[in-house]
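Visitor: The structure's right below; bear with me while I get my questions together.
The values are calculated or read from the model by the stated rules, or taken from the named source; none is laboratory data. These numbers were taken from a predicted model, which means no experiment stands behind them. All Cβ positions, glycine included, derive from the backbone under ideal geometry; neighbour counts span all protein chains shown. Note: areas computed on protein heavy atoms with side chains; ligands, DNA, RNA excluded. Shrake-Rupley method; radii C 1.70, N 1.55, O 1.52, S 1.80 Å.
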Amino acid sequence: MATVNLLPSSTHSNDWSIAGGFGVTAHLAANTDDGDTKYLNCDTTGKEVVFHLDNLDSDGLNIDTIDSVQVVLKSRIHDRAQTYTIRTQLQDSLGAALYTEDVSDGSSGTYDTLMGTARTTSDGSTAWSDSAIDGLRLLLNSHALSGGTLRMTYCYVIVTYTPVGYTNDVMGVDSGDIATINGIATANIGKVNGI
């Protein structure tokens, strides 16, 4: 399996404050993973930011099947003895909720990585497709704050997929158990010796 990260590509709406200087937009503050240089912050519950995410380049990545989609955040509250919960919501291109999940953490001197559940279907029963992923939105809500200021410096969606490639056994060994043949990744081998 392989992965690709889909970053915020534009801001749909934003109630959070933006740190990082003149001209920094919410989606740029949330897709650079640069700690306290650029980040979003809030000290009030119920504040929302909604991002449009990058499209998936299915053909360029040579994707056979899409296995899962998972939200990842890097956030923190620096103030001592505080806790927070960020409500995440994956939305379709029209803003309809696909999955809603709360991720929680406590005070930290560094940004912590919070991972949502890997979702294997786009609606509970239908496999993910390129078209279902293109146009995804990510909503983040400061759902619960015990105190202090919540900072979020990075968010993205991990798409885990199986690439198209050589899928037959080689001398009785399953191709999924073979990383390379003569230094070439099996995912990049369409055929062996013209066969």
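Visitor: Per-residue counts of other Cβ atoms within 10 Å, averaged by peptide: what ranking do you get for 61-74, 147-160, highest first? Don't jump to the answer; show the numbers that get you there.
Guide: On the way: 61-74: 18.4, 147-160: 21.1.
Put in order of decreasing packing, that is 147-160, 61-74.
Visitor: If every alpha-carbon in segment 107-157 counts as one equal scatterer, what log10 I(q)/I(0) does Debye give at q = 0.20, 0.24, 0.26 1/Å?
Guide: Debye curve over Cα of segment 107-157, log10 I(q)/I(0) at q = 0.20, 0.24, 0.26 Å⁻¹: -0.90, -1.09, -1.20.
Visitor: Let me ask you something else. At a 10 angstrom cut-off on C-beta neighbours, averaged per residue, how do the peptides 133-139, 44-50 rank from highest to lowest?
Guide: Ranked by mean Cβ neighbours within 10 Å, highest first: 133-139, 44-50.
Visitor: How much of the accessible area of segment 1-111, probe 1.4 Å, is carbon plus sulfur, in whole percent?
Guide: 44
Visitor: Tell me, what is the FRET efficiency for T44 and N5 to the nearest 0.05, using R0 = 30 angstrom and their Cβ-Cβ distance as r?
Guide: 0.55
Visitor: Using the Cα centre of the chain as the reference point, and only Cβ charges (+1 on K/R, -1 on D/E), how large is the resulting charge dipole? Debye, rounded to the nearest 20.
Guide: Approximately 480 debye in magnitude.
Visitor: Still on this model: Can you compute the modelled spin-label distance between D33 and T117, with each label point 7 Å from Cα toward Cβ, in nm?
Guide: 2.6
Visitor: Considering the values [x] -0.31, -0.83, -1.07, -1.36; [y] -0.27, -0.74, -0.98, -1.46; [z] -0.33, -0.73, -0.88, -1.21, which represents log10 I(q)/I(0) by the Debye sum over Cα atoms at q = 0.08, 0.13, 0.15, 0.19 Å⁻¹ as calculated for the structure under consideration?
Guide: [z]
Visitor: Once you put a point 7 Å from the Cα of V164 and another 7 Å from the Cα of V72, both along the Cβ direction, what distance in nm separates them?
Guide: 2.7
Visitor: Going 7 Å from the Cα of D134 toward and past its Cβ, which residues in segment 53-69 have a backbone nitrogen under 15 Å from where you end up?
Guide: Within reach of a label on D134: 53-63.
Visitor: How far is it, in nm, from the label point at N182 to the one at D64 when both lie 7 Å from their Cα along the line to the Cβ?
Guide: Output for this residue pair reads 2.1 nm.
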